Amino acid sequence: MKKPLSAEAALTRAAALCARSEQAESDVRAKLLAWGLTPASAAQVIERLQDEHFLDEQRYARAYCRDKFNFNGWGRIKIAFMLKSKGVGQTAIDAALAEIDAARYREHIDKLLRDKWRDVAGKDPRLARAALLRLAASRGYEPDAIYPAVDAFMATTGSKS
């Protein structure tokens, strides 16, 4: 078994981790505890990281939102759910989601539908529409955004639902 890290050594390692990429407070806390710190020591290290601006909930939420939207193609619902699961506050989540451009959001949905259409093109139009709706919902897009996009897409393909 490894020897637990001292609070100062853990602070140094955690600061280096946070300097490389944005981290959630809950993830850093889990690492600190895994490194052998007591919960009280971990709380002190977290507080110091926040004071020195290595940890910032709003900055983390913006980076997470931007990455999951741009690279994973996730919608607002899924992004918000995952941020909540990491213990990020609702204010930071709302601010991060507000930064998503509405036009790019619709473009992502349209691309998702076009890509899925290859799989469902020959099916009954009702089944194809259902498959498109399920996919967009599973990626975390809101019903208010999905239904008009799917209806418009189905109209352009000439499918009747």
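Values quoted throughout were computed directly from the atomic coordinates according to the rules given, and no laboratory measurement underlies them. Since we're looking at a predicted model, the values are computed, not measured. Cβ atoms come from the backbone with ideal geometry, glycine included; neighbour counts cover every protein chain shown.
Points worth noting:
- The Cα atoms of the chain define a convex hull whose projected area, averaged across directions, is 11.9 nm².
- Stokes-Einstein translational diffusion, the range 1-89 - Kirkwood Rh over all Cα pairs, 0.692 mPa s, 37 °C, in µm²/s: 239 µm²/s
- Using alpha-carbon coordinates, inclination of helix 125-138 to the longest axis of the chain, degrees: 10 degrees
- Selection from Val120, Ala98, Ser138, by position along the positive dipole direction of the chain (Cβ): Val120
- Over the range 15-61: Rg over Rh, Cα atoms, Kirkwood Rh: 0.94
- With a Förster radius of 45 Å applied to the C-beta separation of Arg13 and Trp117, the computed FRET efficiency comes to 0.40.
- Mean projection area, nm², convex hull over Cα of the range 51-97: 3.2 nm²
- Computed about the Cα centre, the dipole magnitude for the chain is approximately 760 debye when only Lys and Arg (+1) and Asp and Glu (-1) carry charge, each at its Cβ.
- When trypsin sites (Lys or Arg not before Pro) are flagged only if DSSP places them in a loop and at most 13 other Cβ atoms lie within 10 Å, the longest unflagged stretch of the chain comes out as 3-122.
- The three principal axes of the C-alpha atoms in the range 90-156 carry coordinate ranges of 44, 19, 17 Å, sorted with the longest axis first.
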